[in-house]
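To start, the structure under review is shown below, and the notes come after it.
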Amino acid sequence: MKTAPRKFELTADILLRAYSIGVFPMAESRDAKELFWVEPQERGVFPLDGLIVSRTLAKTVRSDRFQVVADRAFETVVRACAEREKTWINDEIVRLYGELFAVGHAHSVEVYEHEELVGGLYGVSLRGGFFGESMFHRARDASKVALVHLFARLRTGGFRLLDAQFLTEHLASLGAVEIPREAFRLRLADALDIEANFRVWPAEVAMSGAEALRRARGDGTEVAMDDSPRRGVVRA
């Protein structure tokens, strides 16, 4: 569900208030001048104890082929996420989320290979909830590696909710599920009752792949025995 384009100046404070009630903004396209509010009837979420990791992905994470840090190149990550044929990220989104980052309510996870940024993701942090916005990759599995590291940071920091907004086949293969709006509101309220900390593991300090997998694991975490995460699964 979306509302008509806004007719007022949107600020970081208003944006946080929107997230606190389960609403987020989008643009129709990269060149759009207006934003609209969205609150899906069916919401995509990642249970923080339910990450699914294929055997190949687990091997890639453990190999430390990539160096993974956080909050080093936030705007670069946001703009990289917009580098696709169709995107809902326009200049106003870049500005607003940059303001959230400046006050500590938005974060990025960055994946480097030989000092080149090859993948990452970003989202909004509000008390015990993290609201995933978008991810990108320029090297195979780089965005998935970023997701594993995000799970590690959120679980370490005491978060209760990882919002994915919309469920896609790709996200479902990694453990995301779809829940009704009312169920999401209950989970959101629960997350807002506590104060989590994205930076318990210092953002500028790279986390090894083995450490990320260890910290990302919950009771429901699964590592597949082959490259199809839904077949032949064993507990991590």
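The values are calculated or read from the model by the stated rules, or taken from the named source; none is laboratory data. Since this is a predicted model, take the numbers as computed values, not measurements. Because the Cβ atoms are built from the backbone with ideal geometry, glycine has one as well, and the counts that use them run over all protein chains shown.
Can you tell me which residue is nearest to the chain's Cα centre (by Cα) among those in region 172-209 that are assigned to a helix (DSSP H, G or I) and surrounded by fewer than 13 Cβ atoms within 10 Å (Cβ to Cβ)?
L186
From the list I194, I179, which residue is touching a Lys or Arg at 6+ places or on another chain (Cβ under 6 Å) and either of a type outside the set (A, V, I, L, M) or modelled with pLDDT of 95 or more (or both)?
After applying the criteria, what remains is I179.
How many residues are surrounded by fewer than 18 Cβ atoms within 10 Å (Cβ to Cβ), among the hydrophobic types (A, V, I, L, M, F, W, C) and in contact with a helix residue (DSSP H, G or I) (Cβ under 7 Å, 6 or more places away or on another chain) if we restrict to region 38-79?
1
Which members of region 125-163 meet the condition of being among the hydrophobic types (A, V, I, L, M, F, W, C), surrounded by fewer than 23 Cβ atoms within 10 Å (Cβ to Cβ) and within 10 Å of the chain's Cα centre (by Cα)?
Residue satisfying the conditions is F131 alone.
Of the residues A102, A80, A142, which single one is hydrophobic (A, V, I, L, M, F, W, C) and either at pLDDT below 95 or closer than 28 Å to D190 by Cα (or both)?
The match here is A102.
Residue by residue through region 80-101, note down the ones that are more than 15 Å from the chain's Cα centre (by Cα), without any contact (Cβ under 8 Å) to a residue 60 or more places away in the chain and part of a helix (DSSP H, G or I).
D91, V94, R95, G98
Residue check, T3 against (1) in contact with a helix residue (DSSP H, G or I) (Cβ under 8 Å, 6 or more places away or on another chain); (2) within 19 Å of R185 (Cβ to Cβ); (3) modelled with pLDDT under 95, all met but one. Which one?
The one condition T3 does not meet is (1).
Starting from region 172-190, take each residue that is touching a residue at least 60 places away in the same chain (Cβ under 8 Å) and list its partners that are among the charged types (D, E, K, R) and in a loop (DSSP other than H, G, I, E, B), counting only C-beta distances under 8 angstrom and pairs at least six apart or across chains.
Correct list of pairs: S173/R230; R181/E39; R187/R160; D190/R160.
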